[in-house]
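Visitor: Mind looking over this structure? Questions follow.
The values are calculated or read from the model by the stated rules, or taken from the named source; none is laboratory data. Fair warning: this is a prediction, and the values are worked out from it, not measured in the lab. Cβ placement follows ideal geometry from the backbone for every residue including glycine, while neighbour counts extend to all protein chains displayed. These accessible areas exclude ligands, DNA and RNA; they are computed on the full protein's heavy atoms, side chains included. Shrake-Rupley method; radii C 1.70, N 1.55, O 1.52, S 1.80 Å.
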Amino acid sequence: DAGVTQSPTHLIKTRGQQVTLRCSPKSGHDTVSWYQQALGQGPQFIFQYYEEEERQRGNFPDRFSGHQFPNYSSELNVNALLLGDSALYLCASTPRGFSRLDYGYTFGSGTRLTVV
Amino acid sequence: AQTVTQSQPEMSVQEAETVTLSCTYDTSESDYYLFWYKQPPSRQMILVIRQEAYKQQNATENRFSVNFQKAAKSFSLKISDSQLGDAAMYFCAYRSRGEGAQKLVFGQGTRLTINP
């Protein structure tokens with residue numbers, strides 16, 4: 001049973017460029033969340049997608065956008081990259097309609113984005 | 001808004017000894033979930049243990065146990081019989097009980113080193 005897969009694993013971009021990160025959720029999961037983890041920090045919630053719509057959003061600028069496809073996979077897009085966008089981007093999936101006994105998130109290994 | 005604080009940036013322990021990692025949180029909610037996640041160098045967040053706020057009994061998973069003090073808003077993790085494989089970043093996280101897949105709010109993390 002495949003877990004959450006993210007691609008690419010590493011990426012180097014130049015300031016001002018645009019980047020797209022991809023995530024395939026765990027089998028049976030339909031909700032995908034994205035987190036940004038700066039070096040030495042805890043992950044920060046970016047946004048969450050369910051039924052191909054953004055459901056929740058953290059305190060991130062509009063340069064950060066996303067998409068969810070009918071097969072539940074998701075993309076994170078960042079426009080006009082800044083040096084401060086350098087971070088590990090984690091994707092987490094979960095079943096939407098979970099009960100009290102099933103509230104776990106499965107995380108991918110992340111994409112390390114370096115902006116130069 | 002909820003916040004999670006981990007006041008120990010780094011901790012170290014001798015192999016086979018016991019170590020306790022601290023976490024405090026702030027919330028006005030009465031029902032929520034708390035988690036400890038482990039992040040090894042592979043970068044993937046791995047769930048260690050979870051606690052439901054309405055349960056007074058502290059959660060235990062093999063060598064891992066928590067001390068949940070709801071009134072004090074404290075949630076510490078105790079690792080008994082520490083093993084070299086326990087070395088990692090440990091994150092405390094909070095999740096609201098609300099409808100759907102609520103976001104995780106993470107602390108800043110504690111780097112745990114195991115000395116052989």
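Visitor: Within segment A:26-49, can you find the residues that are over 16 Å from A:Gly104 (Cβ atoms), surrounded by fewer than 20 Cβ atoms within 10 Å (Cβ to Cβ) and in contact (Cβ under 8 Å) with a residue 40 or more places away in the chain?
Guide: A:Ala38, A:Leu39
Visitor: So A:Arg15 passes all but one of these: (1) in a strand (DSSP E or B); (2) more than 22 Å from B:Ala1 (Cβ to Cβ); (3) of a type in the set (D, E, K, R). Which condition number does it fail?
Guide: Unmet condition: (1).
Visitor: While we're looking at this one, here's another question. Considering only residues of segment B:87-116 that are more than 13 Å from the chain's Cα centre (by Cα) and among the charged types (D, E, K, R), which is most open to solvent (accessible area, probe 1.4 Å)?
Guide: B:Glu99
Visitor: (1) at pLDDT 95 or above; (2) open to solvent by 10 Å² or more (accessible area, probe 1.4 Å); (3) closer than 23 Å to B:Gly107 by Cα: which one isn't true of A:Tyr89, the others all being true?
Guide: Failing condition for A:Tyr89: (2).
Visitor: If you don't mind, there's one more thing I want to ask. Scan segment B:34-56 and report the pairs whose first residue is within 10 Å of another protein chain (Cβ to nearest Cβ) and whose second residue is basic (Lys, Arg) and open to solvent by 20 Å² or more (accessible area, probe 1.4 Å), with Cβ atoms within less than 6 Å and a gap of 6+ or a chain change.
Guide: Going by the 6 Å Cβ cut-off, the qualifying pairs are B:Phe35/B:Arg50; B:Ile46/B:Lys38.
Visitor: How many residues does segment A:60-83 contain that are farther than 12 Å from A:Thr20 by Cα and either open to solvent by 70 Å² or more (accessible area, probe 1.4 Å) or under 13 Å from the mean Cα position of the chain (by Cα) (or both)?
Guide: Qualifying residue count for the region: 9.
Visitor: Identify all residues within segment B:76-109 that are in a loop (DSSP other than H, G, I, E, B) and in contact with a Leu (Cβ under 9 Å, 6 or more places away or on another chain); write none if there are none.
Guide: B:Ser82, B:Ala87
Visitor: Moving to a separate point now. Can you pull out every residue in segment B:4-32 that is within 14 Å of chain A (Cβ to nearest Cβ), surrounded by fewer than 20 Cβ atoms within 10 Å (Cβ to Cβ) and either at pLDDT below 95 or touching a helix residue (DSSP H, G or I) at 6+ places or on another chain (Cβ under 9 Å) (or both)?
Guide: Across segment B:4-32, the qualifying residue is only B:Asp31.
Visitor: Separate question: Among the residues that make up segment A:48-62, is at least one of them facing chain B (nearest Cβ under 9 Å) and more than 26 Å from B:Gln108 (Cα to Cα)?
Guide: Yes, segment A:48-62 contains a residue that is facing chain B (nearest Cβ under 9 Å) and more than 26 Å from B:Gln108 (Cα to Cα).
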